[in-house]
Amino acid sequence: MGTPQSANKGLRWRSLLPSLSRRDLLEGAIIAIAFLLYFWVRGAVVDRPEAAYWHARDVIDLQRSLGFFWEDNVNSWIADRKSLAQIMNVIYFYLHFPLIVVFGIWLYYYRRRQYTFARDSFLASGAIALVIYWLYPVAPPRELPELASQFDVAAPEYILGFFDTMEAYLGYAYDTQSTRAFVNPYAAMPSLHFGWDLLLGLAVIAAFRRTVLAWPAVAIGVALPVLQVFSITTTANHYLIDAVAGGIVAVAGLGVALALRRWGYPWLVEQVRRLPWSSARRLLLGDAA
């Protein structure tokens, strides 16, 4: 039988834990489903390295025909400048998913309406990108030297010289056992590093547009996607066309989110209110049930 002291400790620990509402649990379910879809698509493309290599060659050939294949030169230039390469690594790694998670949590608690719109934009653009990854896997520049040794012994020099700054200077390798399950190795096109930082920048601007932090928010919102363009190319993780595709996918995600806000959610609320089960209505609608 527990002592009063141990019971008090248990109460104190429970008081430190956040109480989860039905809305919190529903949000968790949405994110869990999104991750399951990601892992499913990852499993579908991870065994297609040859296709990913030749698709990458197609992307490079397209950029060369358009006159702006500079990725090999900028990656070679930064490879010998460790401090600058490390800055690009930090931008690529930390000013993306970690920042999205932190800002998303803040939006969830302090800008709930904007959170829903941002969430829908991210999830919709991510879903579109997943379809493209599945249909058209593309190897990133950092993978090309190794893949060329397997599938293209006559590969040109500009294919063979890419340098993985993340592995060399940040100590982060995408093919290690600890990260392999969370990384899609052939998801260069489109670049969600650019597309999602574009959405993140717009969300930052929208969240602070009517506050004293409006102008700093604009500066941050513009800087995030601009910096990612430099980081994704100099670190040999994406091609410039990947950024263009990422921007298009992000805009498409915004369109889906806007359609959901104007038409999708009002229709869905009406359908849920017609459900005969009051517990289901309360779970899905909360106070609006």
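Points to keep in mind about this one:
- Residues located in region 203-228, provided they are surrounded by 20 or more Cβ atoms within 10 Å (Cβ to Cβ) and hydrophobic (A, V, I, L, M, F, W, C): Ala203, Val204, Ala207, Leu224
- Pick from region 57-108, criterion hydroxyl-bearing (Ser, Thr, Tyr) and without any contact (Cβ under 8 Å) to a residue 60 or more places away in the chain, ranking: nearest to Gly195 (Cα to Cα): Tyr94
- Residue tally, condition at pLDDT below 75, aliphatic (A, V, I, L, M) and in a helix (DSSP H, G or I), over region 43-57: 2
- Check on Asp175, more than 14 Å from the chain's Cα centre (by Cα), closer than 20 Å to Ala52 by Cα, among the charged types (D, E, K, R) and modelled with pLDDT of 95 or more: no
- Close pairs from region 140-155: first not in a helix (DSSP H, G or I), partner not basic (Lys, Arg), Cβ under 7 Å, at least 6 apart: Pro140/Ala188; Pro140/Ala236; Pro140/Asn237; Pro140/His238; Asp152/Tyr53; Ala155/Ala148
- Ala257 fulfils the conditions (1) aliphatic (A, V, I, L, M); (2) farther than 24 Å from Leu66 by Cβ; (3) in contact with a Gly (Cβ under 8 Å, 6 or more places away or on another chain); (4) buried (at least 20 other Cβ atoms within 10 Å of the Cβ) except for a single criterion, (3).
- Put simply, of Ser278, Ser231 the only residue that is free of Cβ contacts under 8 Å to residues at least 12 places away in the same chain and polar (S, T, N, Q) is Ser278.
Here's the yes/no breakdown for (1) modelled with pLDDT of 75 or more; (2) under 20 Å from Glu27 (Cβ atoms); (3) outside any helix (DSSP H, G or I); (4) touching an Asp or Glu at 6+ places or on another chain (Cβ under 8 Å):
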site: Gly247; (1), (2), (3), (4): yes, no, no, no
site: Ala252; (1), (2), (3), (4): yes, no, no, no
site: Gly255; (1), (2), (3), (4): yes, no, no, no
site: Leu260; (1), (2), (3), (4): yes, yes, no, yes
site: Tyr265; (1), (2), (3), (4): yes, yes, no, no
site: Leu268; (1), (2), (3), (4): yes, yes, no, no
site: Leu275; (1), (2), (3), (4): no, no, yes, no
site: Arg281; (1), (2), (3), (4): no, yes, no, no
site: Asp287; (1), (2), (3), (4): no, yes, no, no
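- Flag for Gly201 being touching a Leu at 6+ places or on another chain (Cβ under 7 Å) and either part of a helix (DSSP H, G or I) or at pLDDT below 95 (or both): yes
- Under the condition of being surrounded by fewer than 18 Cβ atoms within 10 Å (Cβ to Cβ) and either at positive phi or in a helix (DSSP H, G or I) (or both), the residues counted in region 64-92 number 14.
- Scoring Trp40 on the criteria (1) outside any loop (DSSP other than H, G, I, E, B); (2) among the aromatic types (Phe, Trp, Tyr); (3) under 26 Å from Ala223 (Cα atoms) leaves a single failure, condition (3).
The values are calculated or read from the model by the stated rules, or taken from the named source; none is laboratory data. Not measured: the values here are computed from a predicted model. Here Cβ is always computed from backbone atoms with ideal geometry, including for glycine, and neighbour counts include all displayed protein chains.
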